[in-house]
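Each remark here refers to the structure printed beneath this line.
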Amino acid sequence: MKIEESGEIVRLRRGSVEWIIFNRPHALNAMSPAMEETLTHIFQELAHDASVKALVLTGSTGKRPSFMAGADFGTLEDAKTTAEFLELEAHSETLIRSLEALTFPTIAAIAGPCVGGGALIAAACDVRLISRSARYGFPIARTVGNCLSALNYQRLVDLFGTAVTKEMVFSARLLDAPALMASGAFRELVDEDALEAAAERVAEHLVQLAPLTLWATKTILRRLRDVKLASVDDEDVLLHCYHSADFREGVAAFQQKRSPLWKGL
């Protein structure tokens with residue numbers, strides 16, 4: 001989507017459908033801390049807006065299309081202490097939870113890279129549409145050497161199954177459009193210039209459906225997932241990765257555009 005407006009997040013309203021456009025095309029719409037804070041605030045605000053019946057999330061197009069190419073790595077580089085790493089995770093989780101808590105249907109319209117935090121946002125949406133340029137995944141085993149939280153792994157397992165989730169992480173590659181459609185987690189594959197219209201069509205269809213049925217389905221499925229995770233503690237695993245020499249090496253290598261030298265330490 002071509003956006004002429006300034007600001008890292010652009011909001012549009014089309015009838016009862018809210019559109020949120022990630023707008024850092026020079027960085028392939030990578031998530032900055034300011035974007036994360038703004039998005040969380042918007043999702044929490046929309047939870048109290050009865051005039052909104054559906055939400056579409058998509059990315060602006062610069063030299064090439066992108067949904068969201070992960071997080072701004074400066075944030076990871078700046079974190080040093082246990083408290084800072086846990087705070088990063090908490091902020092990310094607050095954003096995703098705020099998106100999941102919306103009572104109306106949410107749609108991710110994905111072109112280009114949809115990576116890391118962007119892939120988690122897409123996974124938290126109810127419906128995902130892709131164009132032929134879409135690339136989705138979590139190449140952290142190749143880039144920074146950290147891990148996801150237990151809840152985020154469960155989100156992916158619910159969406160893709162254990163085998164595909166593990167393969168996605170173990171391959172450290174991004175799935176292309178045919179592989180994404182084969183996974184069953186994506187509703188429709190459209191031509192590049194048809195993505196916006198397809199998202200609008202799907203949103204208009206969803207707003208005609210019984211809202212309480214959609215809300216109840218979202219809510220109960222989320223509660224079922226959370227029950228499964230109630231006894232899972234992942235803090236030790238997260239901190240073991242984030243405090244590792246490998247993680248520091250991965251972030252430095254990414255910033256320096258070189259291959260990391262992993263030591264398993």
Helices (runs of 4 or more DSSP H) lying entirely in region 38-152 (those with 1 or more residues that are of a type in the set (D, E, K, R) and surrounded by 19 or more Cβ atoms within 10 Å (Cβ to Cβ)): 82-100
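Within region 156-167, can one find any residue that is assigned to a loop (DSSP other than H, G, I, E, B), of a type outside the set (S, T, N, Q) and touching a residue at least 24 places away in the same chain (Cβ under 8 Å)? Talk me through it step by step, then tell me what you get.
First, pick out the residues of region 156-167 that are assigned to a loop (DSSP other than H, G, I, E, B): 161.
Restricting the remaining residues to those that are of a type outside the set (S, T, N, Q) gives 161.
Now narrow it down to the ones that are touching a residue at least 24 places away in the same chain (Cβ under 8 Å): none.
No: zero hits.
Going residue by residue through region 201-210, is there one that turns out to be farther than 30 Å from Met1 by Cα and polar (S, T, N, Q)? Spell out the reasoning first.
As a first pass, look at region 201-210 and keep what is farther than 30 Å from Met1 by Cα: none.
No: zero hits.
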Among the numbered criteria (1) closer than 17 Å to Ala108 by Cβ; (2) in contact (Cβ under 8 Å) with a residue 40 or more places away in the chain; (3) among the aliphatic types (A, V, I, L, M), which one does Ile9 miss? (2)
So, in region 227-251, of the ones that are free of Cβ contacts under 8 Å to residues at least 24 places away in the same chain and assigned to a helix (DSSP H, G or I), which residue ends up surrounded by the most Cβ atoms within 10 Å (Cβ to Cβ)? Arg248
Mind checking which residues of region 171-195 are part of a loop (DSSP other than H, G, I, E, B) and touching a strand residue (DSSP E or B) at 6+ places or on another chain (Cβ under 9 Å)? Ala172, Arg173, Leu174, Asp176, Ala185, Phe186, Arg187, Asp191
Tell me, yes or no, whether region 58-68 has at least one residue that is at pLDDT below 95 and of a type in the set (Val, Ile, Thr). yes
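Every residue, every condition in (1) farther than 23 Å from Leu88 by Cβ; (2) more than 17 Å from the chain's Cα centre (by Cα); (3) modelled with pLDDT of 95 or more, yes or no:
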position	(1), (2), (3)
Ile121	no, no, yes
Asp126	yes, no, yes
Ser131	yes, no, yes
Tyr136	no, no, yes
Thr143	no, yes, no
Val157	no, no, yes
Thr162	yes, yes, yes
Val169	no, no, yes
Leu175	yes, no, yes
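The values are calculated or read from the model by the stated rules, or taken from the named source; none is laboratory data. Note that the coordinates shown come from a computational prediction; the quantities given were computed from them, not determined experimentally. Here the Cβ is made from the backbone with ideal geometry for all residues, glycine too, and neighbour counts use every protein chain on show.
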